[in-house]
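S.K.: First the structure, then my questions, so here it is.
Since every read-out is calculated from the coordinates, none of them should be taken as a lab result. Predicted model, so just to flag it, every value in this text is computed and none were measured. All Cβ positions, glycine included, derive from the backbone under ideal geometry; neighbour counts span all protein chains shown.
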Amino acid sequence: MSQQLPMFPLNTVVFPGMRVPLNVFEKRYRALVRHLLAEDMPRNRLLGTVAIRAGYEVGEHGAQAVHTTGVLLQMTECTPHSDGGFEIEVLARQRMQLLQMGTTDGFPSGEVELLEDDEPDLADADEEAHRALETFEQYRGRLAEMRGEIVRSGSFGSDPSFLSYALSATALLPMHHRQSLLEAETAADRLRLLRTYLTDEMRSMRALPSLPATEIARSGWSPN
């Protein structure tokens, strides 16, 4: 079933579990935040985001074309500024499909449909999670070896769905690869694709050791 949501297109791909800070200063997005603040229940302060395919986050013309697979966001923090702008933080909750983009009360809005990760084979997903984590550790070790620094460490857990998003967001892959990962219909498919991308990145690093293709992104995460 589709629903109408405020929309905040971004120049990046956001994955479920990510916390993203946003500086809101444009008139249309100020109106969007005020709309969310009018909702009494914080859990209902929902909006959507999709990655911009062509155009910009800000400016007179803004996004000219966007990807249609994005994520549902919840505004969890909001600090108003004296000039009328806001600093907000959003938590990415769930994948969604953008069906139609428009404008409501002066801010971007869209008709969206929430997407579920369909896992027909849990054993396959668990196996892919194990393989992807092993590949990611090799990738992380290669970066540390090349740069002489300790990159992000810590446990990502073992849940295949959460792991697929956490690893996809942490590896700073090209945007079209990140979008493909977000569009994967199952965690197992996402983990398989991620393993391919990371293997290619490590191959590129070996070929051009002075020009690592990627670096570790330091993103905020929530398991909720």
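S.K.: Amide H neighbours of residue 17 under 5 Å, counting only residues 5+ apart in sequence or on other chains, H built in-plane at 1.01 Å?
M.R.: 92, 93
S.K.: Taking a point 7 angstrom from the Cα of residue 200 along the C-beta vector, which residues in region 119-140 have backbone N less than 18 Å away?
M.R.: Within reach of a label on residue 200: 132, 135-136, 139-140.
S.K.: While we're on this one: Give the peptides 127-134, 165-172, 2-9, 101-108 in descending order of average Cβ contacts within 10 Å, highest first.
M.R.: Taking the mean over residues of other Cβ atoms within 10 Å, the ranking is 165-172, 2-9, 127-134, 101-108.
S.K.: Moving on to the next point. Please list, in chain and number order, the residues 5+ apart from residue 76 or on another chain whose amide H is under 5 Å from its amide H, with Hs placed from the backbone.
M.R.: Amide H neighbours of residue 76: 89, 90, 91.
S.K.: Estimate the FRET efficiency between residue 159 and residue 54 by the formula 1/(1 + (r/R0)^6), using the beta-carbon distance for r and 30 Å for R0, to the nearest 0.05.
M.R.: Computed FRET efficiency for residue 159 and residue 54 comes out at 0.30.
S.K.: Let me ask something else about it. Once R0 is set to 35 Å, what does the formula 1/(1 + (r/R0)^6) return for the Cβ-Cβ distance between residue 64 and residue 40, expressed as a FRET efficiency to the nearest 0.05?
M.R.: My answer for the efficiency is 0.50.
S.K.: Normalising by the residue count of region 2-114, find the relative contact order in percent from Cα pairs under 8 Å and 6+ residues apart.
M.R.: Contact order relative to length: 36 percent.
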